[in-house]
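The structure appears below as structure tokens.
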Amino acid sequence: MPAIRNQIRELRALREMTQQELADRVGVTRQTVIAIEQDKYSPSLETAFKVASVLGVPIEQCFQYDPRGKR
């Protein structure tokens, strides 16, 4: 099954940003941020771009797609 992995937790921690702060700035709930960080939820493309923008990095630095990957 294809997998989308992410570096959100690490990028957020480098910026000393809480899950709630990221959620507020992206326009999602804290629970959504938790689910994304734990690879339990793949965000919409729009949300993924918002996350990358808030973190100030290219989307490829936040999310990686591995067609061979397993969750």
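The values are calculated or read from the model by the stated rules, or taken from the named source; none is laboratory data. Because the structure is a prediction, the values reported are computed rather than measured. No Cβ is skipped: glycine too gets one built from the backbone with ideal geometry, and neighbour counts run over all protein chains shown. Areas reflect the complete protein model, heavy atoms only, side chains present, ligands, DNA and RNA absent. Shrake-Rupley method; radii C 1.70, N 1.55, O 1.52, S 1.80 Å.
General remarks:
- Q38 under 12 Å from R5 (Cβ atoms) and surrounded by fewer than 14 Cβ atoms within 10 Å (Cβ to Cβ): yes
- Unmet requirement for V28, which otherwise passes all of (1) open to solvent by 30 Å² or more (accessible area, probe 1.4 Å); (2) part of a helix (DSSP H, G or I): (2)
- Any hit, the range 43-63, residues being surrounded by 11 or more Cβ atoms within 10 Å (Cβ to Cβ) and among the charged types (D, E, K, R): yes
- One residue alone among V54, V33 is part of a helix (DSSP H, G or I), at pLDDT 95 or above and within 10 Å of the chain's Cα centre (by Cα), and that residue is V33.
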